[in-house]
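Encoded as structure tokens, the structure appears first; notes follow it.
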Amino acid sequence: MIELKNVSKSFDGIEALKNVSVTVREGEVFGLIGTNGAGKSTLLRLACGVFKPDDGLAIVDNMPVYDNVHAKAKLFFIADEPYFFNGATPKDMERYYSSVYRNFDRERFYLYLNSFGLESRRRISTFSKGMKKQLAILLGLSAKTEYLLCDETFDGLDPVMRQSVKSIFAKEMQERQFTPVIASHNLRELEDICDHVGLLHQGGVLLSKDLEEMKCNIQKIQCVFSSKEEEKRLLKQLDIVKCDRRGSLLTLTVRGSREEMIAMFAAADCLFHEVLPLSLEEIFISETEVQGYDIKKIVLG
Ligand SMILES: Nc1ncnc2c1ncn2[C@@H]1O[C@H](COP(=O)(O)OP(=O)(O)OP(=O)(O)O)[C@@H](O)[C@H]1O
């Protein structure tokens, strides 16, 4: 488990994080979302012991991580601009990380490299930005650390690559203790990947919740009512977050459980109704609205 307990960090008077507490449990994919400058990189750097908190504690598996090689050996951090040695090839980087991480799986690294079509002896400086990100992910996965901290690593990966990385994450999570933490400024980049999402805003945590838990509480329903009267009657009973109308077709975002909605709409006089899946953005709109925030001003959809 990674625990940040009341951590604060400032840089020359700029408060990057203020009294932030976050817990990342083992075996879940933790998404960290926030706009540019919200404090995501600072939080990840505190979590992996690159920075020392001004106040509070960063703990990995019950060990303070700063200046602690045992705790640090459990983490691999992929920076937003991955660092590679000057003139290095993927093979050179493999050699380096093999010497740093004692469980580094060389065989798997070359298998991954091959399946991603990256050449082991080509200079990394000739790779595209996306290829560099892929390589950083493959090095991080092959290091076999329990925690993989990814700073904007998914942003900019093409859909096919995202899917491949997602499947590898799922496979690794099945095979061993593996907990990825993925920071992004874009909710869509985290869609379908995360089990838990923490929202950072102006150096503080606005919310930190399980996606399943959030999904249980909000539903999207498309429906056509048999009459205006029936529409009015049912809408009055619902806790509506959003209502879009196209002719007689209504698309409603409503607070409540799926079972509750199915029962209400089945009992109502509808010509048609269907409960649909919600996007992460729609869930966040509802969650942050309760706290008086406009999500569109906090993160980019
Ligand atoms: N080394 C540093 N020196 C000075 N200020 C810094 C440093 N690192 C971060 N900051 C400041 O701390 C705040 C949080 O920055 P941070 O990089 O953690 O945000 P972020 O959420 O990762 O942003 P982005 O999405 O743009 O990468 C910003 O105001 C930034 O200017």
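Taking +1 at the Cβ of each Lys and Arg and -1 at the Cβ of each Asp and Glu, which of Ala267, Ser98, Leu206 sits farthest along the dipole of the chain towards its positive end, judged by Cα position relative to the Cα centre?
Of Ala267, Ser98, Leu206, it is Ser98.
Can you give the angle from 0 to 90° between the axis of helix 159-175 and the longest principal axis of the chain, with both taken from C-alpha atoms, to the nearest 10?
Helix 159-175 sits at roughly 80 degrees to that axis.
Full-extension gain between Lys209 and Tyr96, please, as 0.36 nm times their residue separation minus the C-alpha to C-alpha distance.
Residue separation times 0.36 nm, minus the Cα-Cα distance, leaves 37.0 nm.
What is the stretch 217-298's relative contact order, in percent, from Cα pairs under 8 angstrom and six or more apart in sequence?
So the answer I get is 39 percent.
In the chain, with Lys and Arg counted as +1 and Asp and Glu as -1 at Cβ, which of these residues, Gln237, Leu249, Phe11, has the Cα nearest the positive end of the dipole, that is, farthest along it?
Checked the options; the winner is Phe11.
Helix 90-100: angle to the longest alpha-carbon principal axis of the chain, degrees 0 to 90, nearest 10?
On a 0 to 90 degree scale, this one is about 80.
I'd like to know which of Ile193, Ile137, Gly156 lies farthest towards the positive end of the charge dipole of the stretch 86-198, counting +1 on Cβ of Lys and Arg and -1 on Cβ of Asp and Glu.
Result: Ile137, furthest along the dipole toward the positive end.
Please turn the phi angles of the stretch 32-47 into ³J(HN,Hα) values with the Karplus equation 6.51 cos²θ - 1.76 cosθ + 1.60 (θ = phi - 60°), one per residue in order, whole Hz, x for glycine and proline.
Along the stretch 32-47, the couplings run 10, 10, x, 5, 4, x, 5, x, 4, 4, 4, 4, 5, 5, 5, 5 Hz.
Run the simple label-point estimate for Met1 and Ser248 please: 7 Å along Cα→C-beta, distance reported in nm.
Label at Met1, label at Ser248, 5.5 nm between them.
Of Lys91/Lys171; Lys40/Lys209; Lys5/Lys171; Lys91/Lys129, which sit over 20 Å apart, Cα to Cα?
Lys91/Lys171; Lys5/Lys171
Using DSSP to define loop residues, name the chymotrypsin sites (Phe, Trp or Tyr not before Pro) in the stretch 82-161 whose beta-carbon has at most 12 other beta-carbon atoms within 10 Å.
When the chymotrypsin sites (Phe, Trp or Tyr not before Pro) of the stretch 82-161 are filtered for loop state and at most 12 Cβ neighbours within 10 Å, Tyr83, Phe85 remain.
Bins of 10 Å, beginning at zero and ending with the bin holding the largest distance: percent of Cα pairs per bin for the chain, please.
For the chain, the pair-distance distribution reads 6, 25, 28, 21, 12, 7, 2, 0.
Using a 10 Å cut-off around each Cβ, can you sort Cys216, Cys48, Cys150, Cys223 from fewest to most neighbouring Cβ atoms?
By the 10 Å Cβ count, ascending, the order reads Cys216, Cys223, Cys48, Cys150.
Taking the Cα centre as origin and putting +1 on Lys and Arg beta-carbons and -1 on Asp and Glu beta-carbons, what dipole magnitude results for the stretch 2-209, to the nearest 20 debye?
Here the stretch 2-209 has a charge dipole of around 540 debye.
So how do Thr288, Thr42 line up by other beta-carbon neighbours within 10 Å, fewest first?
In increasing order of surrounding Cβ atoms, one gets Thr288, Thr42.
Determine the relative contact order of the chain: mean sequence separation of Cα pairs under 8 Å and six or more apart, normalised by residue count, in whole percent.
Normalised by residue count, the contact order of the chain is 20 percent.
Read-outs throughout are calculated quantities, based only on the coordinates presented, and are distinct from any laboratory measurement. Keep in mind that what you see is a predicted model, and the values were worked out from it rather than measured. All Cβ positions, glycine included, derive from the backbone under ideal geometry; neighbour counts span all protein chains shown.
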